[in-house]
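K.L.:
Mind looking over this structure? Questions follow.
The values are calculated or read from the model by the stated rules, or taken from the named source; none is laboratory data. Note that the coordinates shown come from a computational prediction; the quantities given were computed from them, not determined experimentally. Virtual Cβ from ideal backbone geometry, glycine too; neighbours counted across all protein chains shown. Just the protein is used for accessible areas: all its heavy atoms, side chains included, with ligands, DNA and RNA removed. Shrake-Rupley method; radii C 1.70, N 1.55, O 1.52, S 1.80 Å.
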2 protein chains.
Amino acid sequence: MAGILSRRLDIDALRALTAIEDQGGVTRAAEVLGLSQSAVSHRIRRLEASLGCDLLDRRANAPLFTGAGRDLLARARRILGLHDEAVLSLSKSPLQGRIALGMTEDTTCTDLSRILGRFRRLHPEVSVRTRVGMSLTLQTMLAAGALDAAIVQMFRHDVRPQDLLLFREELHWVKSPDLDLPADRPVPFLSFDENCFYRRWGIDMAQDEGRLFETVFECSSAAGITAAVQAGLGVALLSSRYLKPEMEILTANLPAPPDLAYVVRRAKKPRNPALESLIAQIADEISRSGQLQIPA
Amino acid sequence: MAGILSRRLDIDALRALTAIEDQGGVTRAAEVLGLSQSAVSHRIRRLEASLGCDLLDRRANAPLFTGAGRDLLARARRILGLHDEAVLSLSKSPLQGRIALGMTEDTTCTDLSRILGRFRRLHPEVSVRTRVGMSLTLQTMLAAGALDAAIVQMFRHDVRPQDLLLFREELHWVKSPDLDLPADRPVPFLSFDENCFYRRWGIDMAQDEGRLFETVFECSSAAGITAAVQAGLGVALLSSRYLKPEMEILTANLPAPPDLAYVVRRAKKPRNPALESLIAQIADEISRSGQLQIPA
DNA sequence: GGCCGCACATGACAAATTTCGATGCAACCA
DNA sequence: TGGTTGCATCGAAATTTGTCATGTGCGGCC
C-alpha cells in the first residue's frame, strides 16, 4: 500500500460532491453544474475509486452520504474555499474605496456572509460597511443615496433588468390545520412588522376578496411568525422556505400571493469598481450553483 | 469576463508549481514528479492560461516566479496541505497507542514537523512523545527500548535495509581561506560536542594520516561551528548543507570524509500499527519529492 | 566569434480520461 | 400495475494530458 498520498482529489470532483449535498441529489447537482447526470455519477465513482472508499450511500432510503462522505464534504468545503480565494486573488485588480451595503436579516446567514468575508480578505483597502434592515427601509436608504447597494426582497414583477437575482421565493397563505376560519368572522392575521412590504399587499388584497382582516400578531422575525402559525393563532403569508409540513396551505377564498425575489440592487450612483467587483463575485457564485444556498 | 470562479486549479498543477519552487527549476521538478520536462512545462502553461496571468518569469536571469506566481505558491501550499490531510483522513484506520519518537535538533525545522503535526490532528488517540537529542544518544535510547523510532544521522554504510532513508549528506573538511595550516603544528579542530558520532572518526582518521589534531572549539550547534570556521578558528567537518561560499574545502593531506545519511530507524520491538502508519506517511512525502526538503 | 551544453518552450501525435446520450434497474406513488 | 423519479452503466465521441522530437535563448569556453 505504497503512496497513499499519490492519490489526488480533483477540484471538480469535490465541487460535484458539495453540489450533491447542496442540491440533495445527483441529478439536481448535475443541473447546476451544467453537466449530464451520468457525468456527475461517474465523477463521484472515480473519486470513490481513487480513495478506495464509498462516499455515497446507495442503499434505498439511506442518507445520501456515508460517514467518509460527510467527512470529506467538510474538508472539501474548506479546500474549495481556499481554492476560490486563490483564483480570485490572481484575477483581482487592486481595489480601494468604500462600499455601503445593506442586507436583510434573512440573508446574513447565507453564502453572502462567506462571500463578504472573502472579499474583505482579498481587498483590505476597501472598507465595507454593512447595514442590516428591512427591505423597505433599505430601499429608502438606497434611494436617498445612503447605500451603494442592497440585498432586498421584492415582488418579482418589480425586479429590474439591472438587478442581480439571488433567488426566487413563493408566498403562501398558511394556517394550522387546527384553526377554523368561520366565514362571518374577520380573518386573524399574523404579520411581519409595519415595514414588511407585502403585509400591506396581503391586507388590501384579502379585503378586495371580501374578507375582513384583523392583525392579531406582529413580529419582525420569521421564527416568531411560524411559531404563531403552528400554535393556531391565525393565518400568515409565509415564503416557501419557512413552510413546515404541519402547516396547511390555503388557496380558496384568498387571492394568489405574488411571487417574490431577492435581488442585489445598486444605487443610481457613479460606478464604483469595488462594488462592481463584489457584485461580480456574488454573480459568479450564483452562476455556479444556480442560486444562493439558503439554509433551511 | 463572466465567471471568474468557473476557473479551476488542478491539484496536480499546484503540485507542479510547488515542486518547481522546491527544486528550483522545471527540469528538476519534472524528475521528482516522475514526468517529462515538457509535461511539467505544459502543465504550468495550462495553469497560466486558465488563470489568465503569468506565473513563471521567463526572462533571462529573472527570479523563477512572477508576483502572481509567488502569491499562488503560498496559497497552493495551504490548499495542498488541506488536500493531503483529507486524503489521509479517508484512508486512515482508527489508530491508538503511544509512539516515542526521537529526532535530532537539525530535523525539527523540516517537513517532518509538518507531517508530525498532521499526524496528531488525524489521530488524536495516538499519543506522540517526541524527544530531541544527538544521533548517538538517540541510538542508545533506541537500543535500550526507550524509543520506538528515531530520526538519526549516521554513516551511509551503516544504513540498514529496513531503515527509511530521508536524505543523504556529504561531509567536507572546511576552513577559512585566511587560516594557514603549518605542517609542523597540530591542526586546530572545531568539533561538535562529545556525542557527535563523526567527531571520533575525524580525529582518528586524521591521526592515521600523520596529522596531530587539537580540539580548540566545541559546540553542539551547527551555527556555532560555521561561525567559528568563518572566523578562521580552525578546521571543521561540516555537512554540505552548512557550507558557505566563503569556506574553503580541504582535500589534500586529509582522508576523504565518509558519506552521511539521515534515516528513520525503528526499534526492534513488536509491530506498532500507529508507528508504521506514521512512517508510511513520511515515506509517502519522500516518494513525492525525492527527498525531504531541508531549508538552507 | 563560433561552438558547446543547459534549461525551457513548442508542436505533432498517441494515450488516457472525461463526457454524453441511451438504456437499464430499483424504488416509490397513485 | 403503469408511470415517474433517481441513479448506474455502457459504448462512442470529445477533451485533456503526456511524450517524443525539435526549436530557441542564454552563458561559458576555447
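K.L.:
Return the calculated 222 nm mean residue ellipticity for the protein assembly as shown, to the nearest 500 deg cm²/dmol, obtained by summing -39500 (n - 2.57) across DSSP H runs with n ≥ 4 and dividing by the residue count.
P.N.:
Theoretical 222 nm ellipticity from helices: -13000 deg cm²/dmol.
K.L.:
Solvent-accessible area per residue for region A:119-236 at a 1.4 Å probe radius, Å²?
P.N.:
Averaged over the residues of region A:119-236, the accessible area is 51 Å².
K.L.:
Helix check for chain A. Which DSSP H runs span at least 20 Å along their own axis by Cα, with a mean Kyte-Doolittle hydropathy no less than -0.5?
P.N.:
Those that pass (Cα extent of 20 Å or more, hydropathy at least -0.5) are A:37-51, A:67-91, A:273-289.
K.L.:
Let me know the charge dipole size of the protein assembly as shown about its Cα centre in debye, to the nearest 20, where only the beta-carbon of Lys, Arg (+1) and Asp, Glu (-1) is charged.
P.N.:
Here the protein assembly as shown has a charge dipole of around 580 debye.
K.L.:
Another question, if that's okay. Equivalent-ellipsoid semi-axes (√(5λ), Cα gyration tensor) for the protein assembly as shown, whole Å, largest first?
P.N.:
Whole-Å semi-axes of the equivalent ellipsoid: 67, 28, 21.
K.L.:
Enter the accessible area per residue of region B:4-90 (Å², integer; probe 1.4 Å; all protein chains in place).
P.N.:
Averaged over the residues of region B:4-90, the accessible area is 45 Å².
K.L.:
Also: Carbon-plus-sulfur fraction of the accessible area of the protein assembly as shown, 1.4 Å probe, in percent?
P.N.:
About 50 percent, which is the carbon plus sulfur part of the accessible surface.
K.L.:
Indicate, rounded to the nearest 5 percent, the antiparallel portion of the DSSP beta bridges found entirely in the protein assembly as shown.
P.N.:
Here the share of antiparallel DSSP bridges comes out near 55 percent.
K.L.:
State log₁₀ I(q)/I(0) for region B:169-260 at q = 0.14 Å⁻¹ as given by the Debye formula over alpha-carbon point scatterers of equal weight, solvent excluded.
P.N.:
Results for region B:169-260 at q = 0.14 Å⁻¹ read -0.42.
K.L.:
Shielding by partners for A:9-16, please: the mean number of other protein chain Cβ atoms within 10 Å of each residue's Cβ.
P.N.:
Whole-number average of other-chain Cβ neighbours for A:9-16 is 3.
K.L.:
In terms of Cα to Cα distance under 20 Å, which lysines are near enough to A:K268, apart from those fewer than 8 places away along the same chain?
P.N.:
none
K.L.:
Continuing with this model, one more query. Output the antiparallel fraction of DSSP beta bridges having both residues in chain B, as a percent to the nearest 5.
P.N.:
Restricted to chain B, the bridges split so that about 55 percent are antiparallel.
K.L.:
With charges only on Cβ, +1 for K and R and -1 for D and E, what is the dipole size of region A:175-235 about its Cα centre, in debye, rounded to 20?
P.N.:
The dipole magnitude comes to about 100 debye.
K.L.:
Let me ask something else. Determine the total buried accessible area between chain A and chain B, counting protein heavy atoms only with a 1.4 Å probe; round to the nearest 100 Å².
P.N.:
Using a 1.4 Å probe, the pair buries roughly 3200 Å².
K.L.:
Here's another thing I want to ask about it. Per residue, how big is the convex hull of region B:140-185 when only Cα atoms are used? Give it in Å³.
P.N.:
So the per-residue Cα hull volume is 161 Å³.
K.L.:
Using R₀ = 30 Å, calculate the FRET efficiency as 1/(1 + (r/R₀)^6) where r is the Cβ-Cβ separation of B:T215 and B:S113; round to 0.05.
P.N.:
Once rounded, the FRET efficiency stands at 0.40.
K.L.:
Further question on the same structure: Which residue, chosen from B:T215, B:L72, B:G102, occupies the Cα position most advanced towards the positive end of the dipole of chain B, where the dipole is computed from +1 (Lys, Arg) and -1 (Asp, Glu) charges on Cβ about the Cα centre?
P.N.:
Result: B:L72, furthest along the dipole toward the positive end.
K.L.:
I'd like to know which of B:S38, A:I115, A:G202 lies farthest towards the positive end of the charge dipole of the protein assembly as shown, counting +1 on Cβ of Lys and Arg and -1 on Cβ of Asp and Glu.
P.N.:
Ranked along the dipole, the leading option is B:S38.
K.L.:
What is the average number of partner chain Cβ atoms found within 10 Å of a Cβ in B:86-93?
P.N.:
6
K.L.:
Is any residue of region B:175-215 close enough, with backbone N under 12 Å, to a label point placed 7 angstrom from the Cα of B:N253 along the Cα-Cβ axis, and if so, which?
P.N.:
What the label zone holds, given the 12 Å backbone N cut-off, is B:180-188, B:210-213.
K.L.:
Next question. Please state the equivalent ellipsoid semi-axes for chain A: what are the square roots of 5 times the Cα gyration tensor eigenvalues, largest first, in whole Å?
P.N.:
40, 29, 14
K.L.:
Any idea what the B:A74 label distances to the other copies are, label 7 Å down the Cα→Cβ vector, nm, shortest first?
P.N.:
2.8
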